[in-house]
Amino acid sequence: MQSDRPADSGQLAAGSTSGHSLPRRSRSVAEAGEHALIERVRQRLGPSPDWLLVDVGDDAAVYEPVRGLVEVITTDAIVDGVHFDRRFVPARAIGHRALAVNLSDLAAMGATPRLATLSLVLPPDLPLADFDEMIDGLLALATESRTRIVGGNVTSTSGPLAVDVTLIGAVHRRRVLTRGGARPGERPRDERPQGSGTSRTTEESTFGGGRNAPGGTSNSGSTSQRDCSITESRP
């Protein structure tokens with residue numbers, strides 16, 4: 001994971017008035033500093049799997065693809081005030097949701113998740129305890145789904161909290177599922193958790209071509225947005 005600026009020193013100092021200590025307020029992410037935040041994520045990851053050649057801490061991750069399988073890539077961002085309201089949604093649930101919406105896309109394509117990158121856009125007043133809870137929620141689901149976080153980015157913003165995840169999975173090329181494979185009488189189904197934000201039936205900014213096959217078009221002949229991109233790894 002990378003930081004867009006050096007870490008802040010930001011240590012809390014206990015104040016006093018007339019010999020009485022002031023109550024300590026919650027420490028914020030700005031006071032912790034971005035490098036310290038990255039380290040808090042790294043400490044939670046555990047040992048690197050054998051296929052991960054370069055892990056968190058370098059300019060980019062390096063991994064070995066699964067022999068004989070194609071790779072499926074998807075990305076989704078969730079933003080406070082658009083996809084959730086931080087005043088009412090627990091921080092742990094925000095982290096869980098950020099990964100869950102991407103896992104849903106891979107599942108819809110028939111792929112098994114493998115690795116992900118995480119980009120965090122944080123308002124400076126976000127409590128450090130909320131940051132920890134958010135990361136714990138995301139990593140708990142990553143462990144459950146056998147998804148390895150291999151890198152990402154942390155930056156600050158004067159705007160709302162945003163969490164962006166890019167997820168990579170693998171599937172046999174003959175088992176890739178697309179929207180174009182639906183038969184007459186079947187209805188589209190949105191696998192995303194309720195309240196996760198924009199569903200697939202609405203306009204959504206994702207990269208790619210149509211839903212039938214890589215670079216294809218929808219049955220109506222108009223180009224639609226894809227949720228995932230597919231690449232093939234050859235031995």
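The values are calculated or read from the model by the stated rules, or taken from the named source; none is laboratory data. Model, not experiment: these values are computed from the prediction. Neighbour counts run over all protein chains shown; Cβ positions are idealised from the backbone, glycine included.
Of all residues in region 88-128, which are part of a helix (DSSP H, G or I), in contact with a helix residue (DSSP H, G or I) (Cβ under 8 Å, 6 or more places away or on another chain) and among the hydrophobic types (A, V, I, L, M, F, W, C)?
Listed by number, the residues that qualify are Ala91, Ala93, Ile94, Ala98, Leu99, Ala100, Leu103, Leu128.
Are any residues in region 87-131 within 19 Å of Val150 (Cα to Cα) and in contact with a Phe, Trp or Tyr (Cβ under 9 Å, 6 or more places away or on another chain), and if so, which ones?
Arg97, Arg114, Leu115, Leu120
Has region 181-195 got any residue that is in a helix (DSSP H, G or I), more than 13 Å from the chain's Cα centre (by Cα) and either modelled with pLDDT under 50 or among the small types (Gly, Ala, Ser) (or both)?
So in region 181-195, the residues in a helix (DSSP H, G or I) come out as 181.
From what's left, more than 13 Å from the chain's Cα centre (by Cα): 181.
Next, from what is left, pick out any that are either modelled with pLDDT under 50 or among the small types (Gly, Ala, Ser) (or both): 181.
Checking region 181-195: at least one residue is in a helix (DSSP H, G or I), more than 13 Å from the chain's Cα centre (by Cα) and either modelled with pLDDT under 50 or among the small types (Gly, Ala, Ser) (or both).
Yes or no, residue by residue, for (1) touching a Gly at 6+ places or on another chain (Cβ under 8 Å); (2) farther than 20 Å from Val56 by Cα; (3) surrounded by 19 or more Cβ atoms within 10 Å (Cβ to Cβ); (4) among the small types (Gly, Ala, Ser):
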position: Thr112; (1), (2), (3), (4): yes, yes, no, no
position: Thr117; (1), (2), (3), (4): yes, no, yes, no
position: Pro127; (1), (2), (3), (4): no, yes, no, no
position: Phe131; (1), (2), (3), (4): no, no, yes, no
position: Asp136; (1), (2), (3), (4): yes, no, no, no
position: Leu139; (1), (2), (3), (4): yes, no, yes, no
position: Arg148; (1), (2), (3), (4): no, no, yes, no
position: Val154; (1), (2), (3), (4): no, no, yes, no
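Take Leu45 and tell me if it is surrounded by 13 or more Cβ atoms within 10 Å (Cβ to Cβ), under 28 Å from Asp130 (Cβ atoms) and among the aliphatic types (A, V, I, L, M). Outline the logic, then answer.
Numbers: surrounded by 13 or more Cβ atoms within 10 Å (Cβ to Cβ): yes; under 28 Å from Asp130 (Cβ atoms): yes; among the aliphatic types (A, V, I, L, M): yes.
The answer is yes for Leu45.
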